[in-house]
Structure formats: structure tokens, C-alpha cells
Amino acid sequence: MSAMPSNLGGMRRKPRQVRSQERVNRILDVSEELFISQGYATTTTNAIAARAQVPIGSLYQFFPDKAAILQALAVRYGNLLYQQLTAIDEQLPLLDYINQAIDTTYRFFSDNPGYHAVFMEVQGTIRELEKIDEAADARLTQNLAESLAKRSHNLAALDCQAIAFVMVKTIGNLLWLSLNQEKTFQQRLLIETKRLVSSYLQSYFPPDHG
């Protein structure tokens, strides 16, 4: 799995030993729980360290502040979604492949409610999170553009890049916005997202395209 750029994530230093990685994972897991249950604004690094059962000094060895923990969580979420999306079989017919990508994204949001709950609270207030989100979308866009290029010899590289960009932004934003809706309407928006993307794709890849 391709990782996020190393300059993103806000960590003071990366864990190099298994024990250190386990400690960082515990800090992130606990932070996610507290950010969801108590809110990001009211959660303190002291509370995180206490719940994670690590000395506060150990927490600060890896994270200079609470915002850095949130950034590391954002990178972890982005890596998890990327891993799930790139596991989809690229040999599938294009529309099946894209529908699976849409379902996977929707399921990711559903399986990780903290992703929406936490980041809605801080949306637009931490520029570093926007950079992480942009990097995650850029990585998905590049991956999808390469997949599209393999399916058509008639499209230029710029065409594939533009199509992939539109699709990543459309799918991500529509499904993100759907999370604020009642469950039944969420399902309807999932269907409409597939309908929209399918119509868009067929303008470049006709139904009889291999």
C-alpha cells in the first residue's frame, strides 16, 4: 500500500520499534474514541494519555499537540480508504468497478463514524487537515487515472486525469454530504451517485466498450 507523503501527519517523530508503534496506535485509538464521545475541542492531551495509559511525556515524544494527533488520524483514515479501494479487482467491467468503488467508499464512511463526526467539528479550521485531504484525493485520482488509461487507447493522459478528478471529487463529496441525511435518504443518494457517475462515464466509455 502506498503511504501518504511523510511530511503530512503532524507527528514529531515516527515510531521505529514495534513497542513504539503499538503505543502510537493506542494513542490514536483512544484519541478517536474521545474525540467522538467528548468532542475535539474539549478533549485534552492529558485525558488522552491517561486513557491510553501512557505517560504524557511519551505522548509528546510523538505528537507536539492535539492537532498533530488529529492529523495523524486523518492520514490513517486516508490510508485505510486507499487500501480498500485499491483492493478492488481492476479486471472488472468499468461500471462494475466504479460501482464497487462507490459502495466501498460508502461502507468506509459507515464503518468509521468517527471520520465524519470528528472532522465535521473542525472542518475549515485546520489547514493541515485540508492538505491531508487534498493529498488523499490526489493519490486516488492518480490511481483511477492510470486505471482509465488502461481501458482506452483513445483518451489522452490529460483526459484520464480530468475524468478521474471529477469522479473522485463527485463520489467523495456526495457521499460525505449524504452522511448528514436520514438513513433511507442516504441510501437513495448512494443510488443517485451511481446513476450520475454512470451517465458521466458512458459519455467517454460507451456501454459496448470492452
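General observations
- Straight-line cross-link partners of residue 66 among the lysines, defined as a Cα under 21 Å from its Cα and at least 8 positions apart when in the same chain: 14, 131.
- Packing rank of 42-49, 183-190, 135-142, where each peptide gets the mean count of other beta carbons within 10 Å, highest leading: 135-142, 42-49, 183-190
- Highest mean first, the peptides 81-90, 23-32 sorted by other C-beta atoms within 10 Å per residue fall in the order 23-32, 81-90.
- All-pairs Cα distance distribution in the chain, expressed in whole percent, bin size 10 Å: 8, 31, 31, 19, 9, 2, 0
- log₁₀ of I(q)/I(0) at q = 0.24 Å⁻¹ - the range 89-202, Debye sum with one point per alpha carbon: -1.45
- In the chain, the longest principal axis of the Cα atoms and the axis of helix 157-178 are about 60 degrees apart.
- Per residue convex hull volume, Cα atoms of the range 5-61, in Å³: 88
- The chain: angle of helix 183-202 to the longest principal axis, Cα-based, in degrees nearest 10: 50
Where a number appears in this text, it was derived from the coordinates with a stated rule and is not lab data. A quick note: this is a predicted structure, and the numbers were derived from the prediction, not measured. Ideal geometry is used to build each Cβ from the backbone, glycine not excepted, and the neighbour counts take in all protein chains shown.
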